[in-house]
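FYI, it's all coordinate maths here, none of it is from the lab. Since this is a predicted model, take the numbers as computed values, not measurements. Here the Cβ is made from the backbone with ideal geometry for all residues, glycine too, and neighbour counts use every protein chain on show.
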């Protein structure tokens, strides 16, 4: 018996009529935040955060539509955090 949805680490797997769709899983209790731009971290850390988030979105998204939604979520997270 296969369920409809399962999350594993930061991956969300959905079963839609026998077709598995994957996307990035966001924990409901976690706030969408990154290292603040006013922190003392070196500058390369910030570009690595953006690269890692986009790479995770590309790897985990099974369709272009799911990737576009995740890309918008990343952009909003970056705008929200300044």
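Restricting to Cα atoms and excluding each atom paired with itself, what does the Kirkwood estimate give for the range 5-80 in Å? Don't jump to the answer; show the numbers that get you there.
Values: mean 1/r = 0.0735 Å⁻¹.
After inverting the mean inverse Cα-Cα distance, the result is 13.6 Å.
Placing a pseudo-label 7 Å from each Cα along the Cα-to-Cβ vector at residue 25 and residue 71 gives an inter-label distance of 2.5 nm.
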